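Data block below; observations after.
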Amino acid sequence: MDNEKIKNIVKDASDAGKKTLSEPVAKEILRLSSISVPIFCVVQDMEDAVKNAEEIGYPVVLKIISPDIVHKSDMHGVSVGIKNSGELEEKMSFMILAVADESPTACIEGFIIEKMAPNGVEVIVGVVKDEQFGPVVMFGLGGAAVELMKDVAFRLAPVDKNEAVEMMREVKGYPLLAGFRGSSAKDIEAVADVIVKLAGMISETDGIKEFEINPLIVHEHGVVAVDARAVLESPGQIKAA
Amino acid sequence: MLQSGMTEKSDRKKEMTRVSKPDFFFSPRTVAIVGATPVKGRISNIILESLRRIGFPGRVFPVNPKYSSIEGMDCYPSLTDIKEEVDVAVFAVPAALTPGLIRDARDDIKGAVVISGGFAEAGAEGITLENELRGLSSSVRIIGPNCMGIYDTVSRLDTFFISFERIKRPQKGRLSIISQSGSFAVTAMDELAAEGIGVARVVSYGNKADMNEADCLEFLADDEHTGAVAVYIESVSDGRRFVAAAAACSAKKPVLAIKVGKTAEAAGAARSHTGAIAGRYEVYRAAFKKAGIIELGGYEDFISACKAYGMGLPSARGRRVMIITDGGGIGVALADACAWARLQAAPLPKELHDEMKKTVPSYFAVSNPMDLTGSATDGLFADSLEKTMAGDHYDIAIVAPMWGPPALSDNLPKLIADKARKSGKPVIICTPGGEFTRSRMELFRKQGLPVFLTPESAVKAAMVLADGKITQRAPV
């Protein structure tokens, strides 16, 4: 983990008056924390998008970058499984129109073209700084329904590997990772590693209030963080190191 | 006012008290009651009465300029007029007067118990007064305000201002209770007293202007008179310090806690799922786990846990439960409750099964739950308990005698208690029933056995005894 670089990223964003970090910046923090993210690049226009998608290789995912859109998929800001340039052009045009329609005042900073991750079990790993207890780490099963199901486990951060595994075993959906009804066992060690690293990152980084990987896709071997978001502490909240 | 000219003295005192821990609250030699009165039924008079009843061995100084003596004791016009150093001064005077009185006496007293309400809980003016108190805590350690103070069977101090007629005091025991709520502490004490269960120290610290749960846990961790600690929490003052203090304590003795106000809304303006889900209670649970605290779900759990540990039962070495009953249905209900509580009521291993077959009449089905049926006798209960708890097959026994079978006698509780002691393992009694059954509960209590009316509460007690196993915990 590259502490200094992460601290500088957070400081620059905070100095620039930002309240959140964009997905590419949040993923840069993950990369610096040695948490695996898909190959991606940031593009500004269609021509750029097509050129980069060729280099990355299809299938790709197209995502909008906007500080004003919190839940991208609710706003047609995510398009997955794009197989060729024709489809990319079509999806991108649609996305621009749909977003303009849904949130006309949103500031659009660009688009992400990202290598589509293979299917796996989707989990969420998040950290939040609690006013009373400081950094807390959460693990849960499954993407967007997590707020509904609340099948999650919490620990005070930082945590060690044993605590991380214990957290995973606590959630009801754990058999989906361990292998359920003939499905293969997923890489539990790798998930534990992400929990430990993310909990460590927030414990050592001032200025981040919430940081969340959702989803983290878990394969038989390895994991990949396909989306991430971060909320910064308001400048008054940042304590001197 | 005596304030001017006292700065030097107070500076010296400040250094003294800050280095010394607030342990003196638990072994005071002198206690002053500020605002003492001979008028029966008034708070400060009840406290004088409480001190007399518990037999406080040190000296008591009533303080009130209106009287020269109260109930045969010399009464002092002010704390400053007392010649000896006062370890604990109890303030039951209006909130607005309290900070000034403590300030004037800051060189004469080590600690203050501020019973009075009317501080932060009462609005803006009260917040100002409480901040004044907090400012004084560098020279005088303060418990309260808005609290009951201390009930201590070891030092024999009782500042609780509820009369003995209304609220019974528990005998001496090894359970200590610390509570933000005075009424919760009082109610738990009354329930435990009714169950014949003792306590070591009970502290109600109310608004926590100075002393909080972490200070108490730090003291109780090393207190040889305390075998287990139960904590009632509304909110903690300093999260990480609390976790560190509780972890240090739970490494030495079981720490149980109830957190109320679970359904409070999640922190506002969260933009991530994590932020939206991370309500107060989830974070408290995470903190409890880190600190090795046994979480209690509600009032009933709190009382069940206090009964189990208050009776001085040892923690269980594992989660294997043996159920012995003469009521088949209650036995199954207990087994169901065990499964829910992640306790294992597994069948008897073969060697034990064969041995039991020889012990009981041939028409008995030997299993777990062990159903002694309507043919149950005192002896069958005692033998079954002795044999199943010998060896390393089970960690806890729940014995559930239904009083129907005519052969069961009033000797049963003593026989069970003897075998329980011999086993060195925790044994819990569950006796659901009405008038006759309830009249027999006292027999078990007298034998030092915790007795429960429902399978669920008995199993809850078994669960906390299993959770209380002191193990190596992750560093905080």
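Scan the stretch A:175-193 for residues that are buried (at least 21 other Cβ atoms within 10 Å of the Cβ) and modelled with pLDDT of 95 or more and jot them down.
Within the stretch A:175-193, A:Val191, A:Ala192 meet the criteria.
Please count how many residues of the stretch A:194-221 are more than 16 Å from A:Ile29 (Cβ to Cβ), surrounded by 17 or more Cβ atoms within 10 Å (Cβ to Cβ) and more than 14 Å from chain B (Cβ to nearest Cβ).
2
Please determine whether any residue of the stretch B:198-208 is under 21 Å from B:Pro28 (Cβ atoms) and within 14 Å of chain A (Cβ to nearest Cβ).
Yes: one or more hits.
Having 2 or more residues that are closer than 21 Å to B:Arg280 by Cα and hydrophobic (A, V, I, L, M, F, W, C) is the bar; report the helices (runs of 4 or more DSSP H) wholly within the stretch A:101-205 that clear it.
Here the list reads A:146-149, A:161-170, A:188-204.
Can you name the number of the only condition in (1) within 10 Å of another protein chain (Cβ to nearest Cβ); (2) out of contact with any helix residue (DSSP H, G or I) (no Cβ under 6 Å at 6 or more places or on another chain) that A:Gly140 fails?
Just one mismatch for A:Gly140, condition (2).
Any idea which residue in the stretch B:342-398 is surrounded by the fewest Cβ atoms within 10 Å (Cβ to Cβ), counting only those that are assigned to a helix (DSSP H, G or I) and in contact (Cβ under 8 Å) with a residue 40 or more places away in the chain?
This residue is B:Leu352.
I need every pair where a residue in the stretch A:167-191 that is on the phi > 0 side of the Ramachandran plot has its Cβ under 6 Å from the Cβ of a residue that is surrounded by fewer than 18 Cβ atoms within 10 Å (Cβ to Cβ) and at pLDDT 90 or above, sequence separation at least 6 or different chains.
Close Cβ pairs (under 6 Å, with a partner that is surrounded by fewer than 18 Cβ atoms within 10 Å (Cβ to Cβ) and at pLDDT 90 or above) amount to A:Gly179/A:Ala185.
Within the stretch A:146-173, how many residues are more than 8 Å from every other protein chain (Cβ to nearest Cβ), within 20 Å of A:Glu189 (Cβ to Cβ) and among the charged types (D, E, K, R)?
4
Is it the case that B:Phe161 is surrounded by 17 or more Cβ atoms within 10 Å (Cβ to Cβ) and part of a helix (DSSP H, G or I)?
no
Looking at the stretch B:275-288, I want the residues that are facing chain A (nearest Cβ under 7 Å) and have a partner that is at pLDDT 65 or above and in a helix (DSSP H, G or I) with Cβ atoms under 6 Å, at least 6 apart or on another chain. Which pairs are those?
B:Ala276/A:Glu147; B:Ala287/B:Val243
Return yes when A:Gly81 is within 30 Å of A:Val196 (Cβ to Cβ) and outside any helix (DSSP H, G or I) and no when it is not.
no
Is there any pair with a first residue in the stretch B:399-418 that is acidic (Asp, Glu) and a second that is outside any loop (DSSP other than H, G, I, E, B) whose Cβ atoms are under 7 Å apart and which are 6 or more apart or on different chains, and what are they?
The qualifying pairs are B:Asp410/B:Leu443.
Hey, does the stretch B:180-198 have a residue that's assigned to a strand (DSSP E or B) and under 11 Å from the mean Cα position of the chain (by Cα)?
No.
The values are calculated or read from the model by the stated rules, or taken from the named source; none is laboratory data. This structure is a prediction, so every number in the text was calculated from the model and none was measured. Please note: Cβ atoms are built from the backbone with ideal geometry, for glycine as well, and neighbour counts cover all protein chains shown.
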